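First comes the structure, then the notes that go with it.
The values are calculated or read from the model by the stated rules, or taken from the named source; none is laboratory data. In this text the structure is predicted, and so the values were computed from the model without any measurement. Please note: Cβ atoms are built from the backbone with ideal geometry, for glycine as well, and neighbour counts cover all protein chains shown.
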Amino acid sequence: MTYALLATAALILIITYIYLKPKQKVTKNIFNAEYYRGLNYLLNNEEDKAFKIFTALMDVDSSTVETHLALGGLYRKRGEFDKAILIHQNLLSRPTLESELKNQALYELAKDFHSAGLYDRSEKIFKNLSEISKYKHSCQEELIKLYESTNDWSNALKMVEKSKSLSINNHKPEVLLSQYYCEMSSEYYKNSEVEKSVTMSKKAIKTDPACMRANLQLAKYYSHNDINASSQYYYLAINQNYKFCKFIVSKIIELAKRYNNSSMIMKTITDIAKKSDLPFIPDVYLFLFYEKDNQLANYYIQQHKDHNEVTNFLINYTFAIANKTSGNQSFNDLIQSSKTIFSNHTHFFCNNCGYKSSILNWLCPKCNTWNEAIPKTNIDIIEENSFNAR
């Protein structure tokens, strides 16, 4: 869930609380009017204006619980974690604080601790609050976020398994579990424990058969000793998400170069070339061309011709490479233009928030969403460069 949604949810709770409170004297109503102004600024993402109003209200009436909670949340969002912690701790120091408001303040304090990197303190509070039915689900979600932040995949697994919810942090439980198994698989692989890596990746697939990441991991692991298995896993991954086909084909071509074009690799690339629903991939044509399979290479070109202008450009560009003549200035200009377009470019973006990266992030560092990163296609890159050039 994004910060904006969390802030909105918190504000709704605060507004509800104010409405349910008994009406007090006129000065209190004036206070509430200012408070609503602050809320309105906050909802319109005018945080600086909201911040000024809430700070002023604290000076007028420091006993107001709602102001403490709203201002503490603003401080946390601004990255001033020490101030957020002080405000919520000050609120909790009041001996007359109602039980529900105390729990709400504790919940906010735990989020402060998490944001500040004080993970043990945050974990302790969330665990205690999770025993209260009203806070159980939200605290379990926050604990899962905390374990993700600290790469504590074992505890993250346990918490997801403990939760009975069908949706956790906007993900299905099986998606989270499979990603955690993949994370553990990667850690084992870094430590040269390949057998354990394979076991974890296979657990991920068993948990979520749609987990493309696990198939990519297995393709990588088997590439060292079982080319056939590696090729098969790459092909499975392509069929799970066509948007990754160019990225995966580049991995298969690397395999072909390393093992001098085994029959299984040839079969895999041939199968890819015959799938008309995949986008045009220059590497596939060039591989077939250099392997002297001219009939299939020409078939591959023909089935993608006239799809759109950008695809036609890619086909012409690829055809020029395959039939290059070093003395042709037009060809050299074309090569140079393509290098300018494709070099120094972010190759992945988050389908949820748009975050761009040169590496494949399975967990988006901006919106904390799993499995939303997708590669940019050649068409995306060309169109983006065309737009930027206007």
(request) Look through K102, K145 and report the one residue that is charged (D, E, K, R) and under 29 Å from the mean Cα position of the chain (by Cα). (result) K145
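So how many residues does segment 93-108 have that are touching a helix residue (DSSP H, G or I) at 6+ places or on another chain (Cβ under 8 Å) and surrounded by fewer than 15 Cβ atoms within 10 Å (Cβ to Cβ)?
Going through segment 93-108 one residue at a time, the tally reaches 1.
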(request) Residue by residue through segment 178-203, note down the ones that are surrounded by 15 or more Cβ atoms within 10 Å (Cβ to Cβ) and small (G, A, S). (result) S178, S185, S186, S197, S201
(message) What are the pairs with Cβ atoms under 6 angstrom where one residue, in segment 232-245, is closer than 15 Å to N371 by Cβ and the other, located anywhere, is assigned to a helix (DSSP H, G or I)? Sequence gap at least six, or different chains.
(response) A237/M212; A237/N215; A237/L216; A237/I248; Q240/M212; N241/M212
(message) Take the residues in segment 131-144 that are surrounded by fewer than 20 Cβ atoms within 10 Å (Cβ to Cβ) and touching a helix residue (DSSP H, G or I) at 6+ places or on another chain (Cβ under 7 Å); name whichever of them is farthest from A116 (Cα to Cα).
(response) I132
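Going by what's in this entry, would I315 be described as modelled with pLDDT under 80 and surrounded by 13 or more Cβ atoms within 10 Å (Cβ to Cβ)? Explain how you work it out, then say what you get.
Working: modelled with pLDDT under 80: no; surrounded by 13 or more Cβ atoms within 10 Å (Cβ to Cβ): yes.
No, not satisfied.
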(request) Give the residues of segment 90-121 that are more than 17 Å from L69 (Cβ to Cβ) and either acidic (D, E) or modelled with pLDDT of 95 or more (or both), sorted by residue number. (result) A116, G117, L118, Y119, D120, R121
(request) Report whether or not F51 is at pLDDT 85 or above, in contact with a helix residue (DSSP H, G or I) (Cβ under 6 Å, 6 or more places away or on another chain) and surrounded by 18 or more Cβ atoms within 10 Å (Cβ to Cβ). (result) no
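In this structure, does T268 turn out to be assigned to a helix (DSSP H, G or I), closer than 14 Å to S231 by Cβ and in contact with a Phe, Trp or Tyr (Cβ under 7 Å, 6 or more places away or on another chain)? I'd like the intermediate steps shown before the answer.
Details: assigned to a helix (DSSP H, G or I): yes; closer than 14 Å to S231 by Cβ: yes; in contact with a Phe, Trp or Tyr (Cβ under 7 Å, 6 or more places away or on another chain): yes.
For T268, the condition - assigned to a helix (DSSP H, G or I), closer than 14 Å to S231 by Cβ and in contact with a Phe, Trp or Tyr (Cβ under 7 Å, 6 or more places away or on another chain) - is met.
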(message) Looking only at segment 331-390, filter to residues that are outside any loop (DSSP other than H, G, I, E, B), of a type in the set (G, A, S) and under 26 Å from M212 (Cα atoms); which one of those is modelled with the highest pLDDT?
(response) A373
(message) I'd like the full set of residues that are buried (at least 16 other Cβ atoms within 10 Å of the Cβ) and either touching a Leu at 6+ places or on another chain (Cβ under 8 Å) or closer than 19 Å to C367 by Cα (or both), limited to segment 156-171.
(response) A156, L157, M159, V160, I168, N169, H171
(request) Return the total of residues in segment 182-192 being farther than 20 Å from N352 by Cβ and outside any loop (DSSP other than H, G, I, E, B). (result) 7
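Quick check on this structure: which one of D306, D293, D283 is within 25 Å of K376 (Cα to Cα), surrounded by 14 or more Cβ atoms within 10 Å (Cβ to Cβ), charged (D, E, K, R) and at pLDDT below 90? Let's see the steps before the verdict.
Details: D306 fails: surrounded by 14 or more Cβ atoms within 10 Å (Cβ to Cβ); D293 fails: within 25 Å of K376 (Cα to Cα).
After ruling out the rest, the residue left standing is D283.
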(request) All but one of (1) within 23 Å of K267 (Cβ to Cβ); (2) assigned to a loop (DSSP other than H, G, I, E, B) hold for A210, so report the exception by its number. (result) (1)
(message) Cβ-Cβ distance below 7 Å, separation of 6 or more or different chains: which pairs start in segment 203-231 with a residue that is touching a residue at least 24 places away in the same chain (Cβ under 8 Å) and end on one that is part of a loop (DSSP other than H, G, I, E, B)?
(response) A204/C211; I205/C211; M212/N241; R213/W362; I227/Y259; I227/S262; S230/S223
(request) Run down S149, S122 and say which single residue is surrounded by 21 or more Cβ atoms within 10 Å (Cβ to Cβ), under 26 Å from M184 (Cα atoms) and out of contact with any strand residue (DSSP E or B) (no Cβ under 6 Å at 6 or more places or on another chain). (result) S122
